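Novice: Mind looking over this structure? Questions follow.
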Amino acid sequence: MMAFLRAPMLALTFLSAVMLSIQTTSVRAADMDRLEAFLEVTGFDVALESIRLSADSAPQMLGMEAEAFGSEWSRLVKEVFDTDLMHDMALEILAKTLSDDLLTHAAGFYASDFGQRLVAAENRSHMIEDDELKTESGTAIIDGLVRIGSPRVSLLRDLNAASDTEDNAIRAIQEVQIRFLLAAAGAGVIELQMEEPDLRAALRAQEPEMRRLIQTNALANAAYTYQAFSNDEVAAYVAALSHPDMQEVYSLMNAVQFEIQANRFEEVATRLSRMQPSQDL
């Protein structure tokens with residue numbers, strides 16, 4: 001699906017809200033084969049796999065460096081961010097939350113020739129490990145578009161708005177960072193110097209700057225990811241993502257990805273307790 005933000009920390013409380021927002025009477029467990037096909041045709045399986053690329057941000061959040069752990073860090077990442085494990089976690093959640101109607105709508109769009117071209121571009125973008133290079137390339141594209149007064153910049157902003165990347169990412173970053181820090185403190189990896197309410201307040205104070213960075217990065221990412229698509233095709237994608245059914249699917253997909261990433265970061269916190277002495281944060 002559309003390139004999800006690879007934010008360093010993402011989360012679940014949002015998933016609960018999404019699940020409540022879906023009419024529970026219309027939701028039933030979809031056939032596993034259909035769910036497997038859904039993950040593949042939408043590119044969500046690759047989006048899940050790309051979660052491991054965010055792993056190096058975990059030590060940085062605790063004032064450490066991944067390099068300090070040497071080969072042990074690579075082993076930890078391979079085990080905690082196991083692709084099959086994350087895949088199964090996604091299937092388990094989707095089987096309980098994704099209705100047949102929503103599955104059919106999203107899969108139908110992404111199974112089209114246009115949809116598969118989009119998925120191929122998004123999959124390539126997801127798996128680029130050098131985020132800095134991608135951001136620099138996307139920013140250069142945006143700068144060029146601005147200089148010539150291209151309407152494409154507005155279209156790319158509309159595309160990001162249609163997938164609600166900004167608001168989702170802000171809620172996710174705040175919640176998962178808190179979950180990760182609390183898990184690290186509980187495991188004895190760090191000693192928190194503030195209570196949870198104060199921690200939440202501190203993160204809320206950072207929200208304006210966080211929003212600005214997310215907007216900038218999301219725009220550069222979209223410019224890079226969809227550079228091979230015409231303005232008309234980008235506009236067509238905006239229209240497809242704006243459909244109410246697709247809006248529900250995206251809310252759920254983002255929430256699933258956020259929960260899996262949060263869950264895996266909590267596991268990292270537990271594992272770090274056996275790899276790194278405690279330190280003050």
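Novice: Sum -39500 (n - 2.57) across every DSSP H segment of at least 4 residues in the chain, then divide by the residue count to get the 222 nm mean residue ellipticity, nearest 500.
Specialist: Taken over the chain, the calculation gives -23000 deg cm²/dmol.
Novice: Compute a Gaussian network model of the chain, connecting alpha carbons closer than 10 Å, and tell me which residue from Asp101, Asp31, Asp82 fluctuates the most.
Specialist: With Cα springs under 10 Å in the chain, the top fluctuation among Asp101, Asp31, Asp82 is at Asp31.
Novice: Nearest 10 degrees is fine. How inclined is helix 131-147 to the longest principal axis of the chain, computing both from alpha carbons?
Specialist: For 131-147 against the chain, the angle is about 40 degrees.
Novice: Just to confirm, what accessible area per residue do you get for the chain at 1.4 Å probe, in whole Å²?
Specialist: Per residue, the chain has 46 Å² of solvent-accessible surface.
Novice: Also: How would you order 111-117, 57-63 from highest to lowest mean count of nearby Cβ atoms within 10 Å? Let's see the in-between values first.
Specialist: Working: 111-117: 13.6, 57-63: 16.9.
By packing density, highest mean first, the sequence is 57-63, 111-117.
Novice: I've got another one for you. Identify, among Ala183, Ile214, Gln227, the residue whose Cα sits farthest towards the positive end of the charge dipole of segment 165-281, taking +1 on the Cβ of Lys and Arg and -1 on the Cβ of Asp and Glu, with the dipole about the Cα centre.
Specialist: Going by the Cα projections, it comes out as Ala183.
Novice: Given R₀ = 30 Å, what would the calculated FRET efficiency be for Asp56 paired with Asp198, taking r from the Cβ atoms and rounding to 0.05?
Specialist: In this case the efficiency is close to 0.65.
Novice: For the pair Glu65/Gln247, report the inter-label distance in nm, with labels modelled 7 Å from Cα in the Cβ direction.
Specialist: With each label point 7 Å from Cα toward Cβ, the separation is 4.7 nm.
Novice: With a 1.4 Å probe and all protein chains left in place, how much of the accessible area of the chain comes from carbon and sulfur atoms, in whole percent?
Specialist: The computed percentage sits at 51.
Novice: At 10 °C and 1.306 mPa s, grab the translational diffusion coefficient of segment 71-191 from Stokes-Einstein with a Kirkwood Rh over Cα pairs, rounded to a whole number in µm² per second.
Specialist: The diffusion coefficient I find is 85 µm²/s.
Novice: Roughly what would the spin-label model give for Arg274 and Asp33, points 7 Å off Cα along C-beta, in nm?
Specialist: 4.0 nm
Novice: May I ask for the angle, rounded to the nearest 10°, between helix 231-242 and the longest principal axis of the chain, with both axes built from Cα atoms and the value confined to 0 to 90°?
Specialist: 70 degrees
Novice: Mind giving me the nanometre distance, one decimal, between the label points for Arg147 and Gln206, set 7 Å out from Cα along Cα→Cβ?
Specialist: The modelled label-to-label distance comes out at 3.4 nm.
Novice: With just the Cα atoms defining each centre, how far is segment 214-281 from segment 125-142? Give it in Å.
Specialist: That distance is 15 Å.
Novice: Now a separate question. Angle between the Cα long axis of helix 32-42 and the longest principal axis of the chain, 0 to 90 degrees, nearest 10?
Specialist: 80 degrees
Novice: Rounded to the nearest 10 Å², what accessible area does Tyr226 have for a 1.4 Å probe in the complete protein model?
Specialist: Here the accessible area works out near 0 Å².
Novice: Dipole of segment 121-184, Cα-centred, from +1 at each Lys and Arg C-beta and -1 at each Asp and Glu C-beta, to the nearest 20 debye?
Specialist: Working: 7 positive and 12 negative charges, 33 e Å.
It comes to approximately 160 debye.
Novice: Now, a different point. Give the residue from Thr139, Asn168, Ser154 lying farthest towards the positive end of the charge dipole for segment 102-213; charges sit on Cβ (+1 for Lys and Arg, -1 for Asp and Glu) and the dipole is referred to the Cα centre.
Specialist: Farthest towards the positive pole: Ser154.
Novice: Of (i) 66; (ii) 52; (iii) 58, which one was derived for percent of Cα pairs over 22 Å apart from the structure shown?
Specialist: (iii)
Novice: Take the Cβ-Cβ distance between Glu233 and Glu191 as r, set R0 to 51 Å, and report the resulting FRET efficiency rounded to the nearest 0.05.
Specialist: 0.45
Novice: Moving to a separate point now. How large is the dipole of the chain about the Cα centre if only Lys and Arg carry +1 and Asp and Glu carry -1, each at its Cβ, rounded to the nearest 20 debye?
Specialist: Roughly 420 debye, rounded to the nearest 20.
Novice: Report the full-extension gain for the segment Leu182 to Lys96: residue separation times 0.36 nm, less the Cα-Cα distance, to one decimal in nm.
Specialist: Full extension from Leu182 to Lys96 adds 28.2 nm.
Novice: If you don't mind, another one. Which value, in debye to the nearest 20, gives the size of the charge dipole of segment 156-243 about its Cα centre, when Lys and Arg are +1 and Asp and Glu are -1 at the Cβ?
Specialist: Dipole size: approximately 80 debye.
The values are calculated or read from the model by the stated rules, or taken from the named source; none is laboratory data. These figures come from a predicted structure and were not determined experimentally. Ideal geometry is used to build each Cβ from the backbone, glycine not excepted, and the neighbour counts take in all protein chains shown. Accessible surface areas use protein heavy atoms only, side chains included; no ligands, DNA or RNA. Shrake-Rupley method; radii C 1.70, N 1.55, O 1.52, S 1.80 Å.
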